[in-house]
Each structure stands twice: as structure tokens, then as C-alpha cells.
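The values are calculated or read from the model by the stated rules, or taken from the named source; none is laboratory data. No experiment lies behind these values; they were computed from the predicted model shown. Virtual Cβ from ideal backbone geometry, glycine too; neighbours counted across all protein chains shown.
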Amino acid sequence: MARADQEADVLIIGSGPSGAVTAKLLTEAGMSVVTLEQGTWFDPGDYPGDKKEFELAAGKQWHPAPNVRDRERDYPINTSESDVEPLMQSAVGGSATIWAGHWVPFLPSDFKVRSLDGVAVDWPFDYYEVLPHLEAVEKLVSSSGTRGNPGYPEQAGYPTPQIPIGKAGMKLAEGMDKLGWHWWPGLNAMPSIPWQGQNPCARRGTCMFGCPEAAKWSPDLVLFKEAKKYGHRMIAGARVSEIIYDDNLSRVTGAVYIDQNGRERKQMAKIVILCANAIGTPRILLNSKSKRFPDGLANSSGLVGRNLMMHPFGLVMGHFEENLESWYGPSGQLINTLQFYETDESRGFVRGAKWGGMSGGGPLSSKGFVGSEVFSDNGRIEDHWGENWHKMIESKFGRTALWAIVGEDLPEESNRVEIDADLVDSDGIPAPKIIYKTSENSRRLLDFHAERAKESMEAAGAKSTSVAPQMRESGWHLLGTTRMGNDPKESVLNQYGQSHDIPNLFIFDLSAFPTGAGANPTATLMAVAHRQATHLVNEARNVEVA
Amino acid sequence: MANFSDAEREIYGKLADYLIPSWKDRPAATSVGVHRHMLDEVLRIRPDLEAAFQRAIARCPGQDISKELNALAREDNAAWTALTTVTTGGYMMTDEARAAVGYPGQVAPPYDPNETPEYVTNGMLDRVKARGPIFRDTRHLS
Ligand SMILES: Cc1cc2nc3c(=O)[nH]c(=O)nc-3n(C[C@H](O)[C@H](O)[C@H](O)COP(=O)(O)OP(=O)(O)OC[C@H]3O[C@@H](n4cnc5c(N)ncnc54)[C@H](O)[C@@H]3O)c2cc1C
Ligand code: SF4
């Protein structure tokens, strides 16, 4: 029988950015909070970025796809029916241990796509309601940037100065300047000077394999250490198998989890908040069945797992004559642009994309275009190897700047997370399957943006360009599988992330987002989690608890 | 971890030099030891590549390297990828190859965060500001 630990006021499942903000605010407000996290603590010294082997390790142990890493702490995902491979990390700090730190708040129009463009749904609140929370979390993450971006409404500045955009960033900016297109120095969740216990970014350019400098913000570095002072309890290596629902009380009462020694345990709580990301969260709900919820917890709408969004992603590289030292970071965005962000129906699609300007990376990244790709066009290996390999390195390595294009995909019920019939994780818990097809709108959007990005590279003086309009391993952003809304038939959560079905169950991760915008989501994720946690603190006495 | 015989290392060395020969001032794969200490080092870091790498060298005895490698790439993609990853990965970790391509590694270049950036002094950023806001406002919808 599962051993039950003491009841907490709040149980949080998942310790990524959403769980971390929530844990901080609730513990500071005096609640007793326990976080269950399937992953364990990483030490910045473990990260490969400052070691010679970093690019090799990035191909396996530090790969962003759990299906490639195949670690015991990851859960497998059946992706055989998905155009895109989901990427994430299982650790204290969640996927933010390996995120790139691009801080790109959503825009006002992102909250009103139904009203403005007649597609998908409006959010139950707007940009201006989120803005004060955004400004608060921008301080928490020790951001660095330049105030006054005309891509956004006026807002407060950032706690630390701009990190240099480097020669690669300057090249990209020159192209945009020639065309008269919008660009702005990159805003990143990493300080340029020592700040709140984080070191300054040292521009190593290896953010996506963990920051060896302890500079890039991730929850394990700062927030959880602070929350601990207020009595927050982190249980690492604890994998939740299901949430406990009491049919008599019509409330959730806690969760069952498997600890690192394989023992089944229970954590009881008055309130349960899911922060396990847009695949992990619906997986837990769909695995939690009861008499009242035979199709998964909080699923009376039938929408749990539905409307998965993963941001169509394209890559355009420019190869330049000059040495841009394009292995330097941050990576991190050097600059970005919102020039083609808003809808213009004459382009043949709705909504848009943000482009993030980055350096080309280390030498093995130059090889990404050859190797196993050689035979996609029935070529001969000699086209890419021998002297030609040296020539490729000579012309691309250190001389490449790129635009990473993050586009908006609209929510579609057929894009979804289910429980796989056979697949299980290392604890025997049923694992998810995802079904995701790239829509015609997304394809057109990516083609248009790739063409424009190519033009900007040419304006910047690139002597050649490489275009990958869609990459399979690009599911960095997972959104939308338990969406917020005002109508319980059309949504899983209300505007405060509270389940329409069960008043003491909340979801604060990206699953709650009704639409995904065309921007990296974590800034808005943390701002929305900050809004929801603030509301919960203010309303705690009125929440009908277990 | 596998112990490779001298004969296996020699065969692999031939394949590696075909993929990365010496060129201008850049050393060939075997002259920086990709078939010797670097092979052991790469497989220590990436033991997952070993089986596919072994398949590659077993299939390519180095008699007609072009034919063997083209067939490998076409017929056993995983083995081909392992072979090229081991070779380029090992090569680019050596000081000699890094010096030849001008790569210091992912070092930390010093910078002054308070220095005024060139795009400010040369007016580039002012031109962006001068063009004014480009977002669609939604205040009228609330
Ligand atoms: C390589 C990479 C680069 C990225 N770069 C950027 C970027 O530059 N900018 C940006 O805005 N976003 C970026 N992202 C996305 C960003 O990391 C996510 O948006 C963010 O981490 C989501 O936070 P979260 O708290 O909702 O979920 P996560 O950070 O994914 O955390 C969820 C946590 O829940 C845990 N969990 C799941 N299931 C269970 C269970 N059953 N029991 C216990 N624990 C469980 C997981 O182990 C994980 O730690 C990137 C992502 C990746 C993978
Ligand atoms: S670029 Fe900066 S934040 Fe990124 S890994 Fe390097 S030091 Fe850390």
C-alpha cells in the first residue's frame, strides 16, 4: 500500500518555470507547499558547454529530445504520428535547465485572435492584464535587454544592461536596417552583470545544453533556493502516476507517486496544481480515472489532451565572407524581429512569426547539413566529404548567422496527446502518444517567412544561404492541451487556471494557453503563472479545498 | 568499451582520411589521431555510437573506399552517421584541428556591458525607433 506523507496546503507537480514561480509566490504567502518532480538536481559543473566534448554530448546525453536521451528519469513519447518531435528536460528546473533563455513576451494581438483575425479563440483576459506580472517576472529572471522596443507597448526596463550582440548579431541587424525592417537587440533571461545570485553571461553560446557559468536563469539556480527559505519542500525523483480524486468529496486530495527507490507513495494536499508541461500534464490527467471521470480527470469537456500546439519552426542561415566568430553566444537571441508578426491576409495565411537572430554555433553544427543528409538528393558522399568537407568548414564555420523562425500554429482538436496503448516509462506508468500534423496555414507561413529571412540575409551581404523551412526536431514549445476559457464545454480551465470540473485542481503550465502566439512562450508562461498564483493567494480562503 | 585491434584502427584510419584528408594547412584525420586516442575518447563520451561504428568498419575494409562508403551511406544510414560523427567529433576536439580552423572552443570572451554599442552610436537603432510602433493594439477590444 502507498505510504502517505503529511498533508500540504498545496501540491505542485513539475518544477519548471511555471512550477517555480508558483512555489515562490505561494510559500512566500505562508502556505505549506510540496513540489513533486520526476527529475533530479543538475549541477552547473555537469553541463558540457565548457568542455571540448560539448557538441558530441549534445547528440545524446544532452539532446533535448527525451526519446533520444532515453534516460531513466525521462518518459518515452510515441511520436510515430507526429510531424514534430517534442523537446523537454526532466530535472529540477524542468526544461528551463536547457532552454535558450530567449525572452519574447506575447503581443497584445495574441490574446485576441478571434476578435482580430476571426480564427481560433480569444483569451479570457488580455495583454494589459498580464503586463504587470510580466514586469515582475522580468526582474525574477534577471533579464538583460534594451528598453523602448517599438514592437511592444511601452513598459518598464530590464534589471541588467544589454549583452553584446556580437559580430553575427550586427550582421543580421545591418540586413534589416537596409530593408527598413524592424529589429531589436535580444532580450534574454540571463544577466550581463552579477545579479541575484546569477553570474553574468560569459557568451559561451551553449545555453541549450545547460549553462556552465550558472548565468542563464533556470528555476533550480535561484527560485527554489529562495522558496526553500520559506519552507518549500522539493521531492526530486518523484514521478506522479495519478491524482487522487475523492468521489464523495468531489475534490482532489493529493497524488500517488513513485519515489526514486521505486516505492509507491502518496502526497496529500488541499490544492493540487499541475505544472508538468503540455504533454506531461494531460498524460497525468488521462491516467487518473475515477467513477466520475472515466475518460480522465477534469475531462467533462472531452478536451484534455486536445489542441496541442508546437510552433512551426524554420531555420535560415546566412554564410558570410567575414569571420563573425559565430561560435560566441549568447544563444540567447542576439537580436530579433517582429516585422512580419501581425496578420496580413494578402500573404495567404493568418498570424505570423518572430525571428530570433543567433550565431551558427560550434564546428559540428556546420556539418549538420551534410552527413546523413547527403543522400536526400541522391548525391555522392564525395560531394560533401574529402576536400569539400574542408571547404564547407572554411566557408561556413565561424561565418554563419541564422534566423530561427518561430511561427504560430492554430489550435486544432485533432492535434492531441493520448495515452499510448503499450508504451510505459521506467516505473511502468503508461506513456503518452502525440498526434500532430502541420497545417496548411503553418506551411504557408513558414514558406513566406523563410523567403523574407533569406532576403534579409542577402541584404546583409551573405554570400550564400541555407534554408530549412521545417525541422522535425523542433518541438521546443508545447502548448494548449487543457485550455482556459469561459465556457466549460469549450475549455478545461477557467481564466485563473482552475478546473471547471474540480474547484481545488489548477493547471499553470502552457497546457492552459488557448492559443500559442508566434513567439517563444516562457516569458508569457511565467507572467501568467504569476497572475494565477497571485489570484490564488488572494482568494485562498474562498477556494473550496479538499 | 571495445578494444580495437591495430588492424581495425588502420582500416578506420583509411576511411577517416578519405573523409578528412589533409588540405591546405589543415591536418588529415589520422595525423591528429582520430583512429587512435581520439577514437577511444569519442566512444568514452558517446558509447551509444559504438555498435553502429563497428558495423561501419566491418562493412568497409578499405579496398575501394569510395564504393564502400557510398554503399554504406545508402544502405545503413545509422552506421554512416556513426562513422562521420566519430570522425568529425574526434577531429574537432583536437588542439591541432582547432588551431587550423581558428576555433578557440566555446571560450568566454570578456566584454563591458556598459559600453555604448555601435548600433546606438551609428544611428541604426534610432531608425527602428523612428519608424514607430508596429504592433496591433487591442485596448479598444477590452
Ligand atoms: C532546448 C530548449 C530550448 C528552449 N528555449 C526557449 C527559449 O529560448 N525561450 C522560451 O521562451 N522557451 C524556450 N523553451 C521552452 C521552455 O523551456 C518551456 O516553455 C518551459 O520550460 C515550460 O515550463 P513548464 O514549467 O511549463 O514545463 P517544463 O519546464 O517542461 O517542466 C515540467 C516539469 O514537470 C516534470 N514532470 C512531468 N511529468 C511529471 C510527473 N508525472 N511526475 C513528476 N514530475 C513530472 C518534468 O520532469 C519537468 O521537470 C525551450 C525548450 C527547450 C527544450
Ligand atoms: S551564452 Fe551565457 S547564458 Fe548561455 S551558456 Fe553561455 S554563459 Fe550561459
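Picking from B:Y119, B:Y111, B:Y91, which residue would you name as being over 30 Å from A:I193 (Cα atoms), surrounded by 13 or more Cβ atoms within 10 Å (Cβ to Cβ) and out of contact with any Gly (no Cβ under 7 Å at 6 or more places or on another chain)? Give the derivation first.
Working: B:Y119 fails: over 30 Å from A:I193 (Cα atoms); B:Y111 fails: over 30 Å from A:I193 (Cα atoms).
After ruling out the rest, the residue left standing is B:Y91.
Within the stretch A:37-49, count every residue that is within 15 Å of ligand 1 (Cβ to nearest atom) and of a type in the set (G, A, S).
2
Pick from the stretch A:187-202 the residues that are within 16 Å of ligand 1 (Cβ to nearest atom) and within 12 Å of chain B (Cβ to nearest Cβ): which of them is farthest from A:G145 (Cα to Cα)?
For the stretch A:187-202, the residue satisfying everything is A:C201.
If you take the residues in the stretch A:183-200 that are away from ligand 2 (no atom under 13 Å from the Cβ) and in contact (Cβ under 8 Å) with a residue 60 or more places away in the chain, which one is farthest from A:K167 (Cα to Cα)?
As a first pass, look at the stretch A:183-200 and keep what is away from ligand 2 (no atom under 13 Å from the Cβ): A:183-185, A:187, A:196-197.
Next, only the ones that are in contact (Cβ under 8 Å) with a residue 60 or more places away in the chain stay: A:183-185, A:187.
Details: A:W183: 15, A:W184: 15, A:P185: 13, A:L187: 17 Å.
Across the stretch A:183-200, the extreme among qualifying residues is A:L187.
Assess whether A:S301 counts as being surrounded by fewer than 24 Cβ atoms within 10 Å (Cβ to Cβ), away from every other protein chain (no Cβ under 14 Å) and more than 16 Å from ligand 1 (Cβ to nearest atom).
Taking the combined requirement at face value, the residue satisfies it.
How many residues, within the stretch A:179-201, are out of contact with any helix residue (DSSP H, G or I) (no Cβ under 8 Å at 6 or more places or on another chain) and crowded, with 23+ Cβ neighbours inside 10 Å?
So the answer is 6.
Report whether or not A:V34 is within 13 Å of ligand 1 (Cβ to nearest atom) and over 20 Å from the mean Cα position of the chain (by Cα). Break it down stepwise before answering.
On the way: within 13 Å of ligand 1 (Cβ to nearest atom): yes; over 20 Å from the mean Cα position of the chain (by Cα): yes.
Answer is yes for this residue.
Please find, among A:E490, A:E473, the residue that is surrounded by fewer than 19 Cβ atoms within 10 Å (Cβ to Cβ), within 11 Å of ligand 1 (Cβ to nearest atom) and either part of a helix (DSSP H, G or I) or touching a residue at least 12 places away in the same chain (Cβ under 8 Å) (or both). Give the steps one after another, and end with the answer.
Numbers: A:E490 fails: within 11 Å of ligand 1 (Cβ to nearest atom).
So the residue among A:E490, A:E473 that is surrounded by fewer than 19 Cβ atoms within 10 Å (Cβ to Cβ), within 11 Å of ligand 1 (Cβ to nearest atom) and either part of a helix (DSSP H, G or I) or touching a residue at least 12 places away in the same chain (Cβ under 8 Å) (or both) is A:E473.
Residues of the stretch B:112-142 being assigned to a loop (DSSP other than H, G, I, E, B) and of a type in the set (A, V, I, L, M, F, W, C), which ones? Explain how you work it out, then say what you get.
Taking the stretch B:112-142 as the starting set, the residues that turn out to be assigned to a loop (DSSP other than H, G, I, E, B) are B:112-117, B:122-123, B:131-138, B:142.
Scanning the stretch B:112-142 gives B:I134, B:F135.
Checking the structure you have, find out if any residue of the stretch A:22-36 is away from ligand 2 (no atom under 16 Å from the Cβ) and either under 22 Å from A:G475 (Cα atoms) or within 14 Å of chain B (Cβ to nearest Cβ) (or both).
Residues of the stretch A:22-36 that are away from ligand 2 (no atom under 16 Å from the Cβ), as a first pass: A:22-36.
In the following step, the residues that additionally are either under 22 Å from A:G475 (Cα atoms) or within 14 Å of chain B (Cβ to nearest Cβ) (or both) were identified as none.
Within the stretch A:22-36, none of the residues are away from ligand 2 (no atom under 16 Å from the Cβ) and either under 22 Å from A:G475 (Cα atoms) or within 14 Å of chain B (Cβ to nearest Cβ) (or both).
For the stretch B:25-107, which helices (runs of 4 or more DSSP H) that fit wholly inside it have 2 or more residues that are more than 30 Å from A:E213 (Cα to Cα) and of a type in the set (A, V, I, L, M, F, W, C)? Reasoning before the result, please.
Details: elements: B:37-45, B:50-59, B:65-75, B:77-92, B:95-101.
In the stretch B:25-107, B:50-59, B:65-75, B:77-92 are the helices (runs of 4 or more DSSP H) which contain 2 or more residues that are more than 30 Å from A:E213 (Cα to Cα) and of a type in the set (A, V, I, L, M, F, W, C).
Can we say A:F293 is under 25 Å from the mean Cα position of the chain (by Cα) and of a type in the set (F, W, Y)?
Working: under 25 Å from the mean Cα position of the chain (by Cα): no; of a type in the set (F, W, Y): yes.
When the stated conditions are applied, A:F293 does not pass them.
Quick check on my filter: what residues within the stretch A:112-129 are out of contact with any Phe, Trp or Tyr (no Cβ under 8 Å at 6 or more places or on another chain) and within 12 Å of chain B (Cβ to nearest Cβ)? So that I can check it myself, show each step before the final result.
Step one: list which residues in the stretch A:112-129 are out of contact with any Phe, Trp or Tyr (no Cβ under 8 Å at 6 or more places or on another chain), which gives A:113-121, A:124, A:128-129.
Within the stretch A:112-129, A:V113, A:R114, A:S115, A:L116, A:D117, A:P124, A:Y128, A:E129 meet the criteria.
Just to check your reading of the model, which residue among A:S109, A:S144 is within 13 Å of chain B (Cβ to nearest Cβ), surrounded by 21 or more Cβ atoms within 10 Å (Cβ to Cβ), in contact with a Cys (Cβ under 9 Å, 6 or more places away or on another chain) and at pLDDT 95 or above? I'd like the intermediate steps shown before the answer.
Working: A:S109 fails: in contact with a Cys (Cβ under 9 Å, 6 or more places away or on another chain).
Exactly one of A:S109, A:S144 is within 13 Å of chain B (Cβ to nearest Cβ), surrounded by 21 or more Cβ atoms within 10 Å (Cβ to Cβ), in contact with a Cys (Cβ under 9 Å, 6 or more places away or on another chain) and at pLDDT 95 or above, namely A:S144.
Looking only at the stretch A:301-355, which residues are more than 16 Å from ligand 2 (Cβ to nearest atom), of a type in the set (D, E) and part of a loop (DSSP other than H, G, I, E, B)?
Matches in the stretch A:301-355: A:E321, A:E322, A:E342, A:D344.
Can you spot a residue in the stretch A:265-272 that is more than 23 Å from the chain's Cα centre (by Cα), over 27 Å from A:A523 (Cα atoms), buried (at least 24 other Cβ atoms within 10 Å of the Cβ) and away from ligand 2 (no atom under 13 Å from the Cβ)? Full working, then the answer.
Filtering the stretch A:265-272 down to residues more than 23 Å from the chain's Cα centre (by Cα) leaves A:265-271.
If we keep only those that are over 27 Å from A:A523 (Cα atoms) as well, we get A:265-270.
Still in the running and buried (at least 24 other Cβ atoms within 10 Å of the Cβ): A:267, A:269.
Next, only the ones that are away from ligand 2 (no atom under 13 Å from the Cβ) stay: A:267, A:269.
The answer is yes; a qualifying residue exists.
Has the stretch A:533-545 got any residue that is more than 19 Å from the chain's Cα centre (by Cα), assigned to a loop (DSSP other than H, G, I, E, B) and not acidic (D, E)? Even if it seems obvious, please write down each step before you answer.
Just the residues of the stretch A:533-545 that are more than 19 Å from the chain's Cα centre (by Cα), to begin with: A:533-545.
Still in the running and assigned to a loop (DSSP other than H, G, I, E, B): A:543-545.
Now narrow it down to the ones that are not acidic (D, E): A:543, A:545.
Checking the stretch A:533-545: at least one residue is more than 19 Å from the chain's Cα centre (by Cα), assigned to a loop (DSSP other than H, G, I, E, B) and not acidic (D, E).
Please verify whether the stretch B:69-78 includes one or more residues that are buried (at least 22 other Cβ atoms within 10 Å of the Cβ), closer than 28 Å to A:G379 by Cβ, within 8 Å of chain A (Cβ to nearest Cβ) and of a type outside the set (G, A, S).
Within the stretch B:69-78, one or more residues are buried (at least 22 other Cβ atoms within 10 Å of the Cβ), closer than 28 Å to A:G379 by Cβ, within 8 Å of chain A (Cβ to nearest Cβ) and of a type outside the set (G, A, S).
Tally time: how many residues in the stretch A:213-225 are surrounded by fewer than 24 Cβ atoms within 10 Å (Cβ to Cβ) and near ligand 2 (Cβ under 7 Å from one of its atoms)?
1
Limited to the stretch A:116-148, what total is found for residues that are in a helix (DSSP H, G or I), farther than 24 Å from A:G485 by Cβ and among the aliphatic types (A, V, I, L, M)?
So the first thing to find is which residues in the stretch A:116-148 are in a helix (DSSP H, G or I), and the list is A:116-117, A:127-140.
Restricting the remaining residues to those that are farther than 24 Å from A:G485 by Cβ gives A:135-136, A:138-140.
Adding the requirement that they be among the aliphatic types (A, V, I, L, M) leaves A:136, A:140.
Result for the stretch A:116-148: 2.
Go through the stretch A:151-178 and give me each residue that's surrounded by fewer than 18 Cβ atoms within 10 Å (Cβ to Cβ) and more than 11 Å from every other protein chain (Cβ to nearest Cβ).
Result: A:Q155, A:A156, A:G157.
Of all residues being over 15 Å from A:V406 (Cα atoms) and within 6 Å of ligand 1 (Cβ to nearest atom) in the stretch A:90-101, which is surrounded by the most Cβ atoms within 10 Å (Cβ to Cβ)? Just the residue, please.
In the first step, residues of the stretch A:90-101 are kept if they are over 15 Å from A:V406 (Cα atoms); the result is A:90-98.
In the following step, the residues that additionally are within 6 Å of ligand 1 (Cβ to nearest atom) were identified as A:90-91, A:94-96, A:98.
Values: A:S90: 27, A:A91: 26, A:G94: 29, A:S95: 22, A:A96: 26, A:I98: 26.
Applying the filter and picking the extreme gives A:G94.
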